[in-house]
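Heads up, the thing below is written out as structure tokens.
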There are 2 protein chains.
Amino acid sequence: MLIRPIQESERPGLWKVMQHAVRAGETLAVPTNATPDEAVNWWAGGKEAVFVADDGGQILGSYYLRPNQAGNASHIVNAGYVVAESARGRGLASALCRHSLEEARRRGYLAMQFNFVVETNAVAVRLWQKLGFQIMTTIPRAFRHPTKGFVGAHVMWQSLEVDR
Amino acid sequence: MLIRPIQESERPGLWKVMQHAVRAGETLAVPTNATPDEAVNWWAGGKEAVFVADDGGQILGSYYLRPNQAGNASHIVNAGYVVAESARGRGLASALCRHSLEEARRRGYLAMQFNFVVETNAVAVRLWQKLGFQIMTTIPRAFRHPTKGFVGAHVMWQSLEVDR
């Protein structure tokens, strides 16, 4: 398994990785009826960097990095992760997140922030906590879960500053 | 003073409203050396709606609305406000915010969220609190203030649901 920058020609292929999560509508804040192009563009468009998990030529997951805000706030990075339904349970999300933290440090970012982690996505929440993120707040009723109704969404954050 | 939707031809004129705040770099998360076009595009580009405060033909302030997230999270609106330096102290920010809350309710939004309110912008923080917003969390060291160094940024939120 190699985590490496995406090649431009691979962008349309991200749809296969995202498809299940987009259509399920349980974790991602993207329209469940988005076209493949719309979904891929929502994921990869305008990002600072997009990486993929390449398993012998097959792309099984992806993450992106971007400054969460601009200007005098551009030292906090935002990231997102997606793993193909077929590749769940193999530690891929953890590997992608660890890689992204390293990559963000390398790029000089001082903290990483997730703006929207659906609280019912418990596996992800626990994983991000294990990898150093704190729940800073939970926005009430922020996500209309397809079966659970309105649920909250966490803002999660961790410092990347070594000496603090 | 009339608060109304901006006309396309008026967009370049927003620079006069934003200029002081952009160059000061004390409150907005936009590069302090942004060109007028860049700054106006950061403000108004891709937004759902942009309104202006029109004082007898002179634009003195502006706000925007946009869904803070997409898909199953698109019922929370994000807004931003800017008031020309020359028009401070006249209650314009309050009028813009009240108008935006009404407009957001009219559009069916269920909550309003500010993602990034610099904590040293105390006048704004107090005003948003007076208008119903809560500080949900403060992201540490999220903003590099030009004279105060690293300061925090609040996530602020209020429900727009009447019956809750």
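Every number here is computed from the coordinates shown, using simple stated rules; none is lab data. Not measured: the values here are computed from a predicted model. Quick reminder, even Gly has a Cβ in these numbers, built from the backbone with ideal geometry, and neighbours come from all protein chains shown.
Quick look at the values:
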quantity	calculated
A:Gln58-B:Thr147 FRET efficiency (beta carbon distance; Förster radius 41 Å; 0.05 resolution)	0.20
Charge dipole (debye, nearest 20) of region B:24-146; +1 at Cβ of Lys and Arg, -1 at Cβ of Asp and Glu	420
Phi to ³J(HN,Hα) by Karplus 6.51 cos²θ - 1.76 cosθ + 1.60 over region B:155-162, Hz, x for Gly, Pro	9, 10, 8, 8, 6, 10, 7, 5
Residues of type lysines that B:Lys47 reaches as a straight line, Cα spacing below 24 Å, ignoring anything fewer than 8 places off in the same chain	A:Lys47, B:Lys16
222 nm mean residue ellipticity, helices alone, for chain A (DSSP H n ≥ 4; -39,500 (n - 2.57); rounded to 500)	-8000 deg cm²/dmol
Peptide B:60-72 - average C-beta neighbours from other chains (10 Å radius)	4
Inter-chain shielding of A:134-140 (mean C-beta neighbours from other protein chains, 10 Å cut-off)	5
Spatial separation of Cα centroids for region B:1-43 and region B:45-112, in angstrom	13
Peptide A:124-130 - average C-beta neighbours from other chains (10 Å radius)	0
Cβ-placed point charges (K, R +1; D, E -1), dipole of region B:78-136 about Cα centre in debye, nearest 20	200
The protein assembly as shown: Rg to Rh, with Rh as the Kirkwood radius over Cα pairs	0.97
Beta carbon of chain B nearest to the axis of the rotation taking B to A, residue and angstrom distance	B:Thr137, 2
Cut-off under 5 Å, modelled amide H: who pairs with B:His145 long-range	B:Phe150, B:Val151
Kyte-Doolittle mean at least -0.5 and Cα axial length at least 20 Å: DSSP H helices in chain A	A:92-106
Compactness of region B:31-135 as Cα Rg over 2.2 N^0.38 Å, two decimals	1.08
